[in-house]
Amino acid sequence: MDSKVIHTYNDHLIDRQNRAEKEMLDAFEAARPDLDNAQVVVNPYLINPLCAMILFKTAEPCVPTLTIHGKRNAREDIIHTFAEGTSHVLPVVGLYEGVETRVTVALSSGASKTFAIQSQPLPEDVCRCRNISTSIQYFGTDFMFLTPAGKNLPTAYDYAGDIRWLLTENTMFAIKRYKNGNIVTGSSRFCHMPYNCTGLYEMNLLGKIYKEIRLPGNYHHDHFEMPDGQILSLTQDFHTDTVEDMIALVDRESGEILRTWDFKDFLPQNVAGSGSQDAHDWFHNNALWYDKKTNSITISGRHQDAVVNFDYKTSKLNWIIGDPETWPADMQKYFFKPVGDLSKFDWQYEQHACVVCPDGSIMCFDNGQYRSKVKERYIRNRDNFSRGVRYRIDTDKMEIEQLWQYGKELGEAFFSPYICNVEYYAEGHYLIHSGGIGWKDGYASDVLPAFINPRKEPGTDICSKTVEQKDGVVMYYMEVEGNFYRGTKLSAYHDGENAALGEGRLLGHLDVTPTFDTIPELPESSEVINSWHQVNIEEDVDRIVFHGRFARGSLAMVLLQGEKETRAYYVNTAATNHLAMCSGAYLEDDDRVIKFNISKEGLSGTYAIKVLVEDAIYQTGVSIIC
């Protein structure tokens, strides 16, 4: 019998970055170069090919100013001044792809040096800008950061559509810049289908990870920095029968969970569902926002077509924005009555990215999927629209008025059945990102674009469209290949930012992976499981990820056999129809391939990994030590 099992052990990315930084700094201290002989390291933290570090010493304290020269004219120059010192470690963010980028370091002492820095090549399948319309006068030297919704990568584009930043790790969901200048985003480590990752990365734009904060219920979709610096994160409890219906308050320094909110405590389940709802994913929270003025949290439940607000302290439900049709009678008091010009009013459906504006009004991206609470009135995607929308609400009178929208007038050309976001910059100045557009034979696809592969399916296409509107005028428009979860505009540098050094840390912890109580009494074969099953066991410091191919409906289990115990993990081989796939990063080309995470939390000793398939238990030849 042909048999082959692949087993790899991967050091955590933080450990690899710690070693790379130490080697860089050791070489720097040994050489102690001056500016003329400065040490230039491209991609110092291994995952950003469009960045570098310039390291040099000066005899006297001085202030360095860095200029990353534009390739067209000086108006494109990115200029940043760093803190005074004698040991200078300067991050260079925003190298051009495929050409040498001129970078000048000018010192307050009068000395200067211009370097020609060659970036590293980008992956072949990077998502390119197809069309962009803006100006350097409007957009300046900021970058538009797009976060992946599939196997594409986090990517940022300048005003001309050039890629100026990219991570070769598929970090997940929202990118947000926190007050200290770091960005926080989902980790690139798979933990639970369909798209849950281990937790959050706090990192700089070079790609240096300062912290990975692991969560027992994993991370998905969104997070929010609280006024005191702690983090609200979307999560769930995998020991219950539901998902994507919890928030955790996480300590930024320890990674420990300080508090949780379970939506089942204040919302009814399996009522007033959207067209994508099922009992397991009854709410599907895809966004959250803390409002200090009202001490409340606003969340976005895609599978109830509802933006929901509740009290931070008591969890008391305050109000719901959404179509009240089909909601129970005892819930109607939480809904608003539309007022104003009702000919221009539309409820939102399967929305994303709720935002509380400074005046208390509410913005979101109205995906519009199905655009009805009643199945008989569902709208086909080709006849539908998506949009950014802003509502004024009066919580005393329980009235709602539509103040603004963008996208309805574009019809199916701007339609995204999933993902997307809006951002509020100032009054009348907004971002609208329609990141989940898919086409089939010239029409908006009826298949969720996460499952479309234009390279293999003739007549299909997927793309993202990002717009900035100011006082009713479109000031920025960009279309790129591929679907992207969210868009956000950031500068390459943050005020006072330098390259903070020091070892990254792994915080928090994963949950104990649930086991199956009963192990069938089956004969144990001495043979290694055959290669048809494509067993691949990826191991790292805190978990293993098991990959294997199984016939649909077959009995399968992974067994961890130790000296004192055997732990059994049930493998669900039933066909799964994902009605919500906000990131297809973990999808396999062969839908018979199953992969799941087994946490090392709670394991101790040496375990032989075996696989139960139908009528026998097979060897893998792999053992792990925990």
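Among the residues of the stretch 323-330, is there at least one that is assigned to a loop (DSSP other than H, G, I, E, B) and in contact (Cβ under 8 Å) with a residue 60 or more places away in the chain?
Within the stretch 323-330, one or more residues are assigned to a loop (DSSP other than H, G, I, E, B) and in contact (Cβ under 8 Å) with a residue 60 or more places away in the chain.
Out of (1) part of a loop (DSSP other than H, G, I, E, B); (2) within 30 Å of Gly621 (Cα to Cα), the odd one out for Gly502 is which?
Evaluating Gly502 over (1) part of a loop (DSSP other than H, G, I, E, B); (2) within 30 Å of Gly621 (Cα to Cα) leaves (2) as the failure.
Determine which member of the set Thr466, Thr460 is in contact (Cβ under 8 Å) with a residue 24 or more places away in the chain and of a type outside the set (Asp, Glu).
Thr466
Here's the yes/no breakdown for (1) open to solvent by 10 Å² or more (accessible area, probe 1.4 Å); (2) among the basic types (Lys, Arg); (3) farther than 30 Å from Ile537 by Cα:
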{"position": "Arg189", "(1), (2), (3)": "yes, yes, no"}
{"position": "Gly199", "(1), (2), (3)": "no, no, no"}
{"position": "Met203", "(1), (2), (3)": "no, no, no"}
{"position": "Tyr219", "(1), (2), (3)": "no, no, no"}
{"position": "His223", "(1), (2), (3)": "no, no, yes"}
{"position": "Ser233", "(1), (2), (3)": "no, no, no"}
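Among (1) touching a Phe, Trp or Tyr at 6+ places or on another chain (Cβ under 6 Å); (2) farther than 25 Å from Thr466 by Cα; (3) of a type outside the set (S, T, N, Q), where does Ala149 come up short?
Single failed check for Ala149: (2).
Which pairs do you get when a residue that is among the small types (Gly, Ala, Ser), found in the stretch 31-45, comes within reach of a residue that is buried (at least 19 other Cβ atoms within 10 Å of the Cβ) and modelled with pLDDT of 95 or more, reach meaning Cβ atoms under 8 angstrom, with the pair 6+ apart or on two chains?
Ala38/Ile54; Ala38/Leu55; Ala38/Phe56; Ala38/Val105
Looking at the stretch 388-444 only, could you name the residues that are part of a strand (DSSP E or B) and of a type in the set (Val, Ile, Thr)?
Val389, Ile393, Ile400, Val422, Ile432, Ile437
Scan the stretch 221-253 for residues that are small (Gly, Ala, Ser) and closer than 15 Å to Ala353 by Cα and jot them down.
Ser233
Please verify whether the stretch 390-404 includes one or more residues that are hydroxyl-bearing (Ser, Thr, Tyr), within 16 Å of Cys463 (Cα to Cα) and either surrounded by 18 or more Cβ atoms within 10 Å (Cβ to Cβ) or modelled with pLDDT of 95 or more (or both).
no
Just a yes or no: is a residue in the stretch 122-143 under 14 Å from Asn170 (Cα atoms), in contact (Cβ under 8 Å) with a residue 40 or more places away in the chain and under 12 Å from the mean Cα position of the chain (by Cα)?
no
Are there any pairs, at least 6 apart or on different chains, whose C-beta atoms fall under 8 Å, with the first in the stretch 609-624 and within 22 Å of Val541 (Cα to Cα) and the second of a type in the set (Asp, Glu) and open to solvent by less than 20 Å² (accessible area, probe 1.4 Å), and if so, which?
Ile624/Glu539
Are there any strands (runs of 3 or more DSSP E) wholly within the stretch 59-111 with 2 or more residues that are open to solvent by 30 Å² or more (accessible area, probe 1.4 Å), and if so which?
It comes to 78-81, 85-93, 100-107.
Looking for something at pLDDT 95 or above, on the phi > 0 side of the Ramachandran plot and crowded, with 24+ Cβ neighbours inside 10 Å - is there at least one such residue anywhere in the stretch 253-274?
Scanning the stretch 253-274 turns up no residue that is at pLDDT 95 or above, on the phi > 0 side of the Ramachandran plot and crowded, with 24+ Cβ neighbours inside 10 Å.
What number of residues in the stretch 424-461 are open to solvent by 50 Å² or more (accessible area, probe 1.4 Å) and closer than 21 Å to Phe139 by Cα?
3
Would the stretch 473-481 turn up any residue that is open to solvent by 30 Å² or more (accessible area, probe 1.4 Å) and in a loop (DSSP other than H, G, I, E, B)?
Looking for residues that are open to solvent by 30 Å² or more (accessible area, probe 1.4 Å) and in a loop (DSSP other than H, G, I, E, B), one finds none in the stretch 473-481, hence no.
Exactly one of these conditions fails for Ile320: (1) farther than 25 Å from Gln230 by Cβ; (2) β-branched (Val, Ile, Thr); (3) in contact with a helix residue (DSSP H, G or I) (Cβ under 9 Å, 6 or more places away or on another chain); (4) touching a residue at least 40 places away in the same chain (Cβ under 8 Å). Give me its number.
So Ile320 meets the others, but not (4).
Looking at (1) surrounded by fewer than 18 Cβ atoms within 10 Å (Cβ to Cβ); (2) part of a strand (DSSP E or B), which is the only condition Lys293 fails?
Lys293 satisfies every listed condition except (2).
Right, Phe310: among the hydrophobic types (A, V, I, L, M, F, W, C), closer than 22 Å to Phe224 by Cβ, surrounded by 14 or more Cβ atoms within 10 Å (Cβ to Cβ) and at pLDDT 95 or above or not?
The answer is yes for Phe310.
Name the one entry in Asp542, Asp517 that is open to solvent by 10 Å² or more (accessible area, probe 1.4 Å), modelled with pLDDT under 95 and under 21 Å from Lys600 (Cβ atoms).
Exactly one of Asp542, Asp517 is open to solvent by 10 Å² or more (accessible area, probe 1.4 Å), modelled with pLDDT under 95 and under 21 Å from Lys600 (Cβ atoms), namely Asp517.
Provide a single number: the residues in the stretch 548-558 that are open to solvent by 10 Å² or more (accessible area, probe 1.4 Å) and under 17 Å from Glu521 (Cβ atoms).
Matching residues across the stretch 548-558 total 1.
Would you point out the residue of the stretch 351-377, among those that are out of contact with any Pro (no Cβ under 7 Å at 6 or more places or on another chain), part of a loop (DSSP other than H, G, I, E, B) and closer than 21 Å to Tyr485 by Cβ, that is most open to solvent (accessible area, probe 1.4 Å)?
If we take residues in the stretch 351-377 being out of contact with any Pro (no Cβ under 7 Å at 6 or more places or on another chain), part of a loop (DSSP other than H, G, I, E, B) and closer than 21 Å to Tyr485 by Cβ, then Tyr370 is most open to solvent (accessible area, probe 1.4 Å).
Inspect all residues belonging to the stretch 151-167 and state whether any of them is farther than 24 Å from Asp77 by Cα, of a type outside the set (A, V, I, L, M) and at pLDDT 95 or above.
no
Working only within the stretch 159-182, note down all residues that are farther than 23 Å from Val99 by Cα, among the polar types (S, T, N, Q) and open to solvent by 40 Å² or more (accessible area, probe 1.4 Å).
Asn180 - this is the single residue of the stretch 159-182 that is farther than 23 Å from Val99 by Cα, among the polar types (S, T, N, Q) and open to solvent by 40 Å² or more (accessible area, probe 1.4 Å).
Does any residue of the stretch 517-540 turn out to be under 12 Å from Tyr569 (Cβ atoms) and of a type in the set (Val, Ile, Thr)?
Yes: one or more hits.
Find the residue count for the stretch 1-49, including only residues that are more than 15 Å from Phe115 (Cα to Cα) and open to solvent by less than 30 Å² (accessible area, probe 1.4 Å).
Adding up the residues that qualify gives 15.
When the residues of the stretch 279-290 are filtered to those that are among the hydrophobic types (A, V, I, L, M, F, W, C), at pLDDT 95 or above and part of a loop (DSSP other than H, G, I, E, B), which remaining residue is surrounded by the most Cβ atoms within 10 Å (Cβ to Cβ)?
Among those residues, the one meeting the criterion is Phe283.
What's the total number of residues in the stretch 136-158 that are open to solvent by 40 Å² or more (accessible area, probe 1.4 Å) and either part of a loop (DSSP other than H, G, I, E, B) or out of contact with any strand residue (DSSP E or B) (no Cβ under 6 Å at 6 or more places or on another chain) (or both)?
4
The values are calculated or read from the model by the stated rules, or taken from the named source; none is laboratory data. In this text, all values refer to a predicted model and were calculated from it rather than measured experimentally. Positions of Cβ are backbone-derived with ideal geometry, glycine not excepted, and every protein chain shown enters the neighbour counts. Note: areas computed on protein heavy atoms with side chains; ligands, DNA, RNA excluded. Shrake-Rupley method; radii C 1.70, N 1.55, O 1.52, S 1.80 Å.
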